[in-house]
Each structure stands twice: as structure tokens, then as C-alpha cells.
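Engineer: For reference, the structure I am asking about is given below.
The values are calculated or read from the model by the stated rules, or taken from the named source; none is laboratory data. Note that the structure is predicted; figures quoted are calculated from it, not measured. Positions of Cβ are generated from backbone atoms using ideal geometry, with glycine treated the same way; all protein chains shown enter the neighbour counts.
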Amino acid sequence: MTRAQRPRRRWWIVAAAVVAVAAALVGWLISSSGPEPTGPPAAAASPSIPDTVPSSGPDPRCQLRWETAPSGDLVPVNACAGPRDISGGRARGFAHDQTGAVYAAIHITMRMSATAGPAVYRPTYAEQTVGDSQDALSLLAREKSSTPSGDSRARRWWWKLGAGDPTGDLVVVELAAATAQAEASGSVAHLSVTLRWVDGDWKVQLPRPRATPMPSVDGYVALGDLPRGGA
């Protein structure tokens, strides 16, 4: 072999080596990728999404229940509308909404009556009314009634909004109550209660609402039936 042929032979040897290495690399890549899938591709797993939809049905905390006020009257209560504080026979902490206003109208007016006792009605007038509470207390002390207290107690309540905004500063709640006294005359007892939102709670505008007979509850919403055997 001449000297001129040696470089040409070396070039072919190098080229053949490069081709062999490239072929080996391609074979390794094909084998590592696995066999071609024969069926349809599997569906991708759905991401986990937290369940933020509220459960159906009313909030159990907001369900109506009945309790006895110091006056002996049954009054509506729930954890959403209030009252949140019933210490000392009082009723404070009502929601600033429609239901809170209706409950406050019933609770506070029931505690403004003489049958609630001075330990309850005196601080109720002093702290939960707007107007001349001293004059109202003087009028209450002079009141006399020949009607047995049980005959004037509500057996069922109805309500409607008369004026104002229960999420604002003033609202008028119209109440109707079925009592033995009213039923004897074929009517229901009606109370028009003006409430003011003061210092984070409802207060009753004086003078004290007084019950008057009303022939029907057309246009009113039933609050709920009282428990059997109640007042």
C-alpha cells in the first residue's frame, strides 16, 4: 500500500465507526420508548376539585323553635336571627335583617308588659326603647286590666313589614296574634311595632305598642305554629 492510499483508508474506518455508533444510539432510543400503544389512549385523570356547593335544605341553626318569655308568652328563637343574649330574662342581640326585626318586635314588646315583672320590664324600657321611658313606665304602673293574662297570650303569630327597611335604621313590623280574647270576638290581636337600629341592635320606639282587634290576617305571613299545649 502506498503512502497516498493510507489516509484514504483511515477516513473510511472513521466514517464506518461513526455510522455504527449512530445506529446503536437510535436502537437504544427506540427500545427505551416501549411498544406502540395498540388501543385508544387512556383518559386523563380529572383534577380534584373541593366541594364548595352548600348542602341543600335550610341551615339547621336557623330553624324556628319556641321558648317561654318571662311574661309567660311563647316567643320565637333561632341562632341566626336571635336573640343571642337572654341572660336575666332579657332578649338582646338580634340580626339586622327581616327575621331579626320580626323576632325583636315580638321579644321586646312581650318584655315591656307588666306580666314580665319589674326586674325585666324596667331595664327593657331603659335600654331597649327609644323615647321617654320614664313616662312609659309611669303609664304602665297605672294600667289595670280585668282580662286574665292567659287569654291575651298568643297562640300563633303572623307578620308583615309595614314600612322602612329591616337592613336600615328604621322599620315598622306589623304583628298579628291569635289569642283567646281576640278569637272570642272573631278577630286577631294587632300590634304595630316601630323599631330603630341603635348601637348594633333593635330598639322599640315609644309609646308602647298596644293591641287592637283586626278582622283577618290577609296579606300577613304565618310565623309558625306554637307547640301543642302552649299558651
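Engineer: Out of the residues in region 164-192 meeting the condition of being in contact with a helix residue (DSSP H, G or I) (Cβ under 7 Å, 6 or more places away or on another chain) and either closer than 17 Å to ASP73 by Cα or polar (S, T, N, Q) (or both), tell me which one is surrounded by the most Cβ atoms within 10 Å (Cβ to Cβ). Walk me through it before giving the result.
Structural biologist: From region 164-192, those in contact with a helix residue (DSSP H, G or I) (Cβ under 7 Å, 6 or more places away or on another chain) are 166, 171, 173, 175, 179-181, 188-189, 191; that's our starting set.
Of the ones still in play, those that are also either closer than 17 Å to ASP73 by Cα or polar (S, T, N, Q) (or both) are 175, 179-181, 188-189, 191.
Numbers: LEU175: 25, THR179: 21, ALA180: 15, GLN181: 16, VAL188: 23, ALA189: 20, LEU191: 21.
Going through the qualifying residues, I end up with LEU175.
Engineer: Same structure, new question: ARG208 is checked against (1) closer than 17 Å to GLY93 by Cα; (2) not in a strand (DSSP E or B) and fails just one. What number does that condition carry?
Structural biologist: The number of the failed condition is (1).
Engineer: Moving to a separate point now. Take the residues in region 80-97 that are charged (D, E, K, R) and outside any strand (DSSP E or B), then tell me which one is nearest to the chain's Cα centre (by Cα).
Structural biologist: So in region 80-97, the residues charged (D, E, K, R) come out as 84-85, 90, 92, 97.
Applying the additional criterion that residues be outside any strand (DSSP E or B) yields 84, 90, 97.
On the way: ARG84: 13, ARG90: 22, ASP97: 9 Å.
Of everything passing the filter in region 80-97, ASP97 is nearest to the chain's Cα centre (by Cα).
Engineer: Also, quick follow-up: Across region 101-154, what is the number of residues that are among the small types (Gly, Ala, Ser), surrounded by 20 or more Cβ atoms within 10 Å (Cβ to Cβ) and at pLDDT below 95? Spell out how you get there, then give the answer.
Structural biologist: Filtering region 101-154 for residues among the small types (Gly, Ala, Ser) gives 101, 104-105, 113-114, 116-117, 119, 126, 131, 133, 136, 138, 141, 145-146, 149-150, 152, 154.
Cutting the leftovers down to surrounded by 20 or more Cβ atoms within 10 Å (Cβ to Cβ) gives us 101, 104-105, 113, 116, 152, 154.
Retained after the next criterion (residues that are at pLDDT below 95): 113, 116, 152, 154.
Going through region 101-154 one residue at a time, the tally reaches 4.
Engineer: With (1) under 29 Å from GLN134 (Cα atoms); (2) in contact with a helix residue (DSSP H, G or I) (Cβ under 8 Å, 6 or more places away or on another chain); (3) without any contact (Cβ under 8 Å) to a residue 40 or more places away in the chain as the list, and TRP202 as the residue in question, which single condition is left unmet?
Structural biologist: (3)
Engineer: Give me a count of the residues in region 98-118 that are over 19 Å from SER192 (Cβ atoms) and either touching a residue at least 40 places away in the same chain (Cβ under 8 Å) or within 26 Å of the chain's Cα centre (by Cα) (or both). Write out each step before concluding.
Structural biologist: Start the filter on region 98-118 by keeping residues that are over 19 Å from SER192 (Cβ atoms), which leaves 114-118.
The next check asks that each one be either touching a residue at least 40 places away in the same chain (Cβ under 8 Å) or within 26 Å of the chain's Cα centre (by Cα) (or both); those that pass are 115-117.
Number satisfying all stated conditions: 3.
Engineer: Could you list, in sequence order, all residues of region 167-188 that are under 29 Å from the mean Cα position of the chain (by Cα) and in contact (Cβ under 8 Å) with a residue 24 or more places away in the chain? Break it down stepwise before answering.
Structural biologist: So the first thing to find is which residues in region 167-188 are under 29 Å from the mean Cα position of the chain (by Cα), and the list is 167-178.
Within region 167-188, THR167, GLY168, ASP169, LEU170, VAL171, VAL173, GLU174, LEU175, ALA176, ALA177, ALA178 qualify.
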